[in-house]
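Asker: Quick one: this structure, given as C-alpha cells, is what I'll be asking you about.
The values are calculated or read from the model by the stated rules, or taken from the named source; none is laboratory data. Just so it is clear, the structure is predicted and the values come from calculations on it, not from any experiment. As a convention, Cβ positions derive from the backbone with ideal geometry for all residues, glycine included, and neighbour counts pool all protein chains shown.
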2 protein chains.
Amino acid sequence: MSDDDYGIREGEATAELPQHFDASLYFIGRIHTPWTRRDDCPKNARESEAVCEIEVDARWLAGLAGLETCSHLLVLYWMDKARRDLVLQVPRHYGEARGTFALRSPARPNPIAVSVVRLLKVDGNKLSVVGLDCLDNTPLLDLKPYFASTDAAPDAVVGWHAKQ
Amino acid sequence: MSDDDYGIREGEATAELPQHFDASLYFIGRIHTPWTRRDDCPKNARESEAVCEIEVDARWLAGLAGLETCSHLLVLYWMDKARRDLVLQVPRHYGEARGTFALRSPARPNPIAVSVVRLLKVDGNKLSVVGLDCLDNTPLLDLKPYFASTDAAPDAVVGWHAKQ
C-alpha cells in the first residue's frame, strides 16, 4: 500500500466521526509550492529553503495591510487529502502507534495545519515565504502575525520524539 | 457601542463574504477558562498564569496517547462570536487601521485561534494548561505537539507593533 492511499496500518485505530459538522470555512487563497506528490514534500519545513508563494484571493486584499512589517507569519491551511477519523497512528518513520493529537500528521479530525514561515516579500495579493512543506495548490485558511512574546517557546520538548 | 457588539469602527472596512463555504469542522471538545465576558479575558495570554482546562470529547480519547510527554502544545479553537467580513480593523488599544491578517483579532474570515500553552497535566480526557486567553466554553478544534525546531522563532518581529 502506498502512503498516498491514506489507509490504515497495523496498530492504528479510528473513531466514529460525528454525524454533523459544527462550523464551516472559507478557502481564502492557495499556496504554491514545488511539491506535487506527498512523497516529494520535505519531512520537516526547516529542511527546505524553497521559496513558496501564497496567493490571497483578491476579495481579502485589504486584509494584508501592515503584514509587510512582519518578519514571520503563522500560516493556516487545509490538508484536504487526509482522512479525519484516525485517533492512533503509526508514522512511517517511527513505527510506534501514537495519538493523533501527539502528532503533526495531516490525518486528524480537523485537518488544519499551522506553519511558521519567514516572510520575504508582499507584492499585491502574493506573498513570498520560506518554511512551508505542503503540496502545491493547498487551500489557505488564515495568515497571522507571529509574536515571539507569545508564540515562541524555544525550550519546548516533545518527549516521545526526543527519545527516538 | 460596547466592544461586545462586534460592530464596525471608523476606519474599518468589510469584504463581501463568499456565497458558499469550502470545508467544515467538528468541535472536538471545549475549553474551560475563568473568563465569561470578552472584557475579562487577558489582553495577552502570557499576562495570565491562570490554569485552564481543555476537555476533549470522549470519542477522541485515544488520540491523546503520547501527548503527556509534551511540555507545550498548540491549541486551535474556534472564536465563534466574531464577525468574519472585516478586512481593516482598528484595534481599541492602537487606534490605527490595520489589515485583518496583520492582527490576531478574533474577527477574520476563518476565526481559528492558535495559542501556545504549557501542558501541566493530562487526566483522562482533561488537560490542564497555562497560556490561554479565550472565553469559557470556547469550542476546541485541534491539539498539536509544539516542536521548538519548527515552531519557535524567538527573533520574530512584528514591525507595526514594535513601533507602538
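Asker: Where residues in region A:1-28 are more than 10 Å from chain B (Cβ to nearest Cβ) and not in a loop (DSSP other than H, G, I, E, B), which of them is modelled with the highest pLDDT?
Answerer: Top of the filtered list is A:Asp5.
Asker: Another one. Would you tally the residues in region B:126-164 being away from chain A (no Cβ under 11 Å) and under 17 Å from B:Trp60 (Cβ atoms)?
Answerer: 3
Asker: Among the listed residues B:Asn125, B:Asn110, identify the single one that is surrounded by fewer than 20 Cβ atoms within 10 Å (Cβ to Cβ) and within 27 Å of A:Ser24 (Cβ to Cβ).
Answerer: Every option except B:Asn125 fails the conditions.
Asker: Going by what's in this entry, would B:Asp40 be described as at the interface with another protein chain (Cβ under 8 Å from one of its Cβ atoms), surrounded by fewer than 20 Cβ atoms within 10 Å (Cβ to Cβ) and within 29 Å of B:Glu12 (Cα to Cα)?
Answerer: no
Asker: Also, I was wondering about something else. Pick from B:Leu103, B:Leu119, B:Leu132: which is under 26 Å from A:Glu12 (Cβ atoms) and among the aliphatic types (A, V, I, L, M)?
Answerer: Selected residue: B:Leu119, the only one of B:Leu103, B:Leu119, B:Leu132 that is under 26 Å from A:Glu12 (Cβ atoms) and among the aliphatic types (A, V, I, L, M).
This table checks each residue for (1) aliphatic (A, V, I, L, M); (2) closer than 16 Å to B:Glu55 by Cβ; (3) in contact with a Lys or Arg (Cβ under 9 Å, 6 or more places away or on another chain).
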{"position": "B:Leu119", "(1), (2), (3)": "yes, yes, no"}
{"position": "B:Val129", "(1), (2), (3)": "yes, yes, yes"}
{"position": "B:Leu135", "(1), (2), (3)": "yes, yes, yes"}
{"position": "B:Thr138", "(1), (2), (3)": "no, yes, yes"}
{"position": "B:Tyr146", "(1), (2), (3)": "no, no, no"}
{"position": "B:His161", "(1), (2), (3)": "no, no, no"}
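Asker: Step by step: first the residues of region A:140-164, then only those that are among the aliphatic types (A, V, I, L, M) and crowded, with 20+ Cβ neighbours inside 10 Å, then the one that is nearest to A:Ala97 (Cα to Cα). Which residue is that?
Answerer: If we take residues in region A:140-164 being among the aliphatic types (A, V, I, L, M) and crowded, with 20+ Cβ neighbours inside 10 Å, then A:Val158 is nearest to A:Ala97 (Cα to Cα).
Asker: Please give the number of the condition B:Ala58 fails out of (1) surrounded by 13 or more Cβ atoms within 10 Å (Cβ to Cβ); (2) within 30 Å of A:Glu96 (Cβ to Cβ).
Answerer: (1)
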